[in-house]
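FYI, it's all coordinate maths here, none of it is from the lab. Everything numeric in this text was worked out from a predicted model, so none of it was measured. Heads up, the Cβs are rebuilt from the backbone with ideal geometry, glycines too, and the neighbour counts pull from every protein chain shown.
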Amino acid sequence: MCARLDRGIPADQPVRFPVNVVLAGRRGNPADPKIGLPPLAVYNPIHYQELPELFMDFICSLTGKSPSTTGFGSEGALTKGPFNAVSPVVDLNNALVAAALTEYAGFTTAAGYVGPQYRVDHDISMLAPEVWCRVRVPERDPRFLIDNGFLERMTDFEWRGRTVEASRLGYRITALFAERFLGRIFETPDAVFPEEILRPEKQDMDAFAAGVEAIAAAQTRVAQNYFYDGSVEAACPPLRALLHIMARGEWEGKGIGDPRFRAMFTRESVLESDWYKQRLHAKQERDIALWSRHIAALEAFVSGPGSRQFDVRSLLGEARAQMARVSATAYLAELVGTIGADPFTDR
């Protein structure tokens, strides 16, 4: 009823609750030298990453103790190679196209540990939805949060004579974010998210630097697998460029901060690209093949004795109508804005 009143929805119309945000989660852990576990508790409770940095994380699938501490393809829940029926690059292509077309805002939440000294288990992961549902939709815009000081950018820094690539962590929430949005739940939000949780490096700078280095090393190692098996050639251009940067540090002389590289991940760039149009043509070809199979199956069934029990002829008419629809040139226009289909075939 509150939602109905807030949105001004008449009593005779349904109140719909669309899913308009997805916050992926990750686990953190302190180092455990006994089993060779690297420190991974470098994220504060909520981070935002633009698509290049976000997909570096997604490609690597590195998270804390129990799922996968060594990255995709090695161990952990659903990150082992044998779990994948097709080449992983196909899933990555689909995910990247979807994220770019929907202008997905890559927010992630932490669990397990925030820094090596604060064990939070899944408490923060469960708290994040309570916080986020109190952040109004316009306030969830990353640009709004950045411009108003609710998110701070992570930058690379020098520590003990080496460069720590903290920029891969994207942006993280600030004390101002906690005061504004956590304050909608708690009277003293700074007691829930103190400075050491918002800035985990203040707990142990050596552990923080080692954790970022472990993440960067794992991302490099995982990206190299796409070169070893040759599937990098099946990656869509933005993904292929990102894999080059992850594995080799550059793509056609460009680094991850190059504006021309980052422009490849925008909705406008994807929609205007030839490779996206190829995905739409691939989708049309597969839909034509699908409806051809449906028609053939129905035609074979309609002549058999069992067809009398079903209205097969009307189904056949509908299938032929769908065949005409997906075969038309106008169908390509219908597909604009969808992920289409990946033209890659593992043959």
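On a 0 to 90° scale, report how tilted helix 237-248 is relative to the longest principal axis of the chain, with both axes built from alpha carbons and the result rounded to the nearest 10.
40 degrees
Tell me whether the stretch 123-221 comes out rounded, prolate or oblate; compute the Cα gyration tensor, take square roots of the eigenvalues as a ≥ b ≥ c, and use a/c under 1.5 as the rounded threshold.
prolate
Using only DSSP helix segments of four residues or longer, with each worth -39500 (n - 2.57), what per-residue ellipticity at 222 nm results for the chain after dividing by its residue count and rounding to 500?
-13500 deg cm²/dmol
Whole-Hz Karplus ³J(HN,Hα) for the stretch 92-109, in order, using 6.51 cos²θ - 1.76 cosθ + 1.60 and θ = phi - 60°, x for Gly and Pro?
So the Karplus estimates, Gly and Pro as x, are 5, 4, 4, 5, 5, 4, 4, 5, 5, 5, 8, 6, 4, 8, x, 8, 9, 10 Hz.
Determine the dipole magnitude for the stretch 78-234: charges of +1 sit on the beta-carbon of Lys and Arg, -1 on that of Asp and Glu, nothing else is charged, the reference point is the Cα centre, and the result goes in debye to the nearest 20.
So the magnitude is around 160 debye.
How big is Rg to Rh over the stretch 273-335, alpha-carbon atoms, Rh as the Kirkwood inverse-mean-distance radius?
1.14
Taking only C-alpha pairs under 8 Å that are 6+ residues apart, what is the relative contact order of the chain in percent?
Relative contact order here is 19 percent.
Nearest 10 degrees is fine. How inclined is helix 274-302 to the longest principal axis of the chain, computing both from alpha carbons?
It is inclined by approximately 40 degrees.
What residue among Gly230, Ile245, Phe261 has its Cα farthest toward the positive end of the dipole of the chain, where the charges are +1 on Lys, Arg and -1 on Asp, Glu, each on the Cβ?
The residue sitting most towards the positive pole is Gly230.
Using Cα atoms only, what is the angle between the long axis of helix 51-60 and the major principal axis of the chain, expressed in degrees (0 to 90) to the nearest 10?
90 degrees
Just want the answer: with Cβ charges of +1 for Lys and Arg and -1 for Asp and Glu, which residue in Gly340, Phe208, Val302 is farthest toward the dipole's positive end in the chain?
Val302
Dipole size in debye (nearest 20) for the chain around its Cα centre, Lys and Arg Cβ +1, Asp and Glu Cβ -1?
Approximately 760 debye in magnitude.
Let's see if you can work this out: charge +1 on each Lys and Arg Cβ, -1 on each Asp and Glu Cβ, no other charges. What is the dipole magnitude of the stretch 273-335 about its Cα centre, in debye to the nearest 20?
60 debye
Counting only DSSP beta bridges with both residues in the chain, what percent are antiparallel, rounded to the nearest 5?
Looking only at bridges with both residues in the chain, the antiparallel portion is about 75 percent.
Scan around Trp159 for amide H atoms under 5 Å from its own, H built in the peptide plane at 1.01 Å from N, and keep only partners 5 or more places away or cross-chain.
Val164
Sum up the charges of everything whose Cβ sits under 11 Å from the Cβ of Ser167, counting Lys and Arg as +1 and Asp and Glu as -1, but leave Ser167 out.
Net local charge, Ser167 excluded: -2.
Grab the beta carbon distance between Asp12 and Arg134, set R0 = 22 Å, and tell me the FRET efficiency rounded to 0.05.
0.15
When Lys and Arg each count +1 and Asp and Glu each count -1, what net charge do the other residues less than 15 Å away from Leu271, Cβ to Cβ, add up to?
Spelling it out: positives minus negatives among the neighbours equals -1.
Consider the candidate values (1) 23.0; (2) 24.4; (3) 20.3; state which one is Kirkwood radius over Cα pairs in Å computed from the structure displayed.
Label (1) holds the value from this structure.
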